[in-house]
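Some notes on the structure that comes next.
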Amino acid sequence: MEHTKGKWEVELNRPSSSDYKNVHKIRDGSSKLRLLAEVMTPETQSAINKEEAEANARRIVQCVNSHDGLVEALKAREWIAMDTLAKFRCPTCMNSKKNGHRHDCKFKAALAEAEKTE
Ligand SMILES: [Zn+2]
C-alpha cells in the first residue's frame with residue numbers, strides 16, 4: 001500500500017491552559033478534510049509536553065513534505081566528477097562509481113533509509 005501523496009498539512013489544536021490534553025491533526029493538503037494522522041499530547045500536565053506535541057506534528061509534516069525533494073537532490077549528487085580524470089566519485093566515501101560505495105558509506109546508508117518502503 002502506498003502512502004498518501006502530495007503535501008500534508010498540520011492543523012494545530014491549542015486548547016485553554018486548563019485543558020492539558022490536546023490532539024493536533026495532520027491532513028491531506030489537497031483534500032483538507034481528509035484526516036491522515038493525529039499527534040496527541042502525552043498524558044501529563046507539563047507545558048513542555050504540549051509544546052513538544054505541537055513540534056512533533058510540525059516535524060512530521062515537514063519531513064513528509066521535504067522528503068521527495070531531498071531524495072532527488074541527494075541522488076543528483078551521489079556521483080560527481082572530483083578529479084582531473086573525471087572519475088565519478090561518491091562525495092562521502094570517495095569510492096569511484098565503478099566500484100560502488102564503501103560498505104560503511106553514510107551517503108549510501110542515508111539514501112537507502114530514505115527509500116525504504118516499510
Ligand atoms: Zn559513498
Check: Could you say which residue among 85, 33, 70 is within 21 Å of the chain's Cα centre (by Cα) and without any contact (Cβ under 8 Å) to a residue 60 or more places away in the chain?
Finding: 70
Checklist line | Checking residue 69 against (1) surrounded by 12 or more Cβ atoms within 10 Å (Cβ to Cβ); (2) assigned to a helix (DSSP H, G or I), the condition it does not meet | finding: (1)
Checklist line | Residues of region 26-57 satisfying the condition of being modelled with pLDDT under 80, in a loop (DSSP other than H, G, I, E, B) and not charged (D, E, K, R) | finding: 41, 42, 44, 45, 46
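Could you tell me which of the residues 54, 78, 115 is in contact (Cβ under 8 Å) with a residue 40 or more places away in the chain, surrounded by 15 or more Cβ atoms within 10 Å (Cβ to Cβ), out of contact with any Asp or Glu (no Cβ under 8 Å at 6 or more places or on another chain) and not hydrophobic (A, V, I, L, M, F, W, C)?
Of 54, 78, 115, the one residue that is in contact (Cβ under 8 Å) with a residue 40 or more places away in the chain, surrounded by 15 or more Cβ atoms within 10 Å (Cβ to Cβ), out of contact with any Asp or Glu (no Cβ under 8 Å at 6 or more places or on another chain) and not hydrophobic (A, V, I, L, M, F, W, C) is 54.
Restricting attention to region 97-109, report how many residues are hydrophobic (A, V, I, L, M, F, W, C) and either near the ligand (Cβ under 6 Å from one of its atoms) or under 11 Å from residue 78 (Cα atoms) (or both).
Narrowing region 97-109 to residues hydrophobic (A, V, I, L, M, F, W, C): 105, 107, 109.
Within this subset, residues satisfying the condition of being either near the ligand (Cβ under 6 Å from one of its atoms) or under 11 Å from residue 78 (Cα atoms) (or both) are 105, 107.
Adding up the residues that qualify gives 2.
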Margin query: Looking at the structure I just gave you, is residue 84 more than 29 Å from residue 23 (Cα to Cα), among the polar types (S, T, N, Q) and away from the ligand (no atom under 15 Å from the Cβ)?
Written below: yes
Note to self: I'd like the residue in region 90-118 that is outside any helix (DSSP H, G or I), charged (D, E, K, R) and modelled with pLDDT of 95 or more and, out of all such residues, is farthest from the chain's Cα centre (by Cα).
What the structure shows: 102
Checklist line | Only one of 115, 38, 54, 72 that is within 16 Å of the ligand (Cβ to nearest atom) and charged (D, E, K, R) | finding: 115
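The values are calculated or read from the model by the stated rules, or taken from the named source; none is laboratory data. Here the structure is a predicted model, which means the values were calculated and not measured. Reconstructed Cβ throughout: ideal geometry from the backbone, glycine too, with neighbour counts over all protein chains shown.
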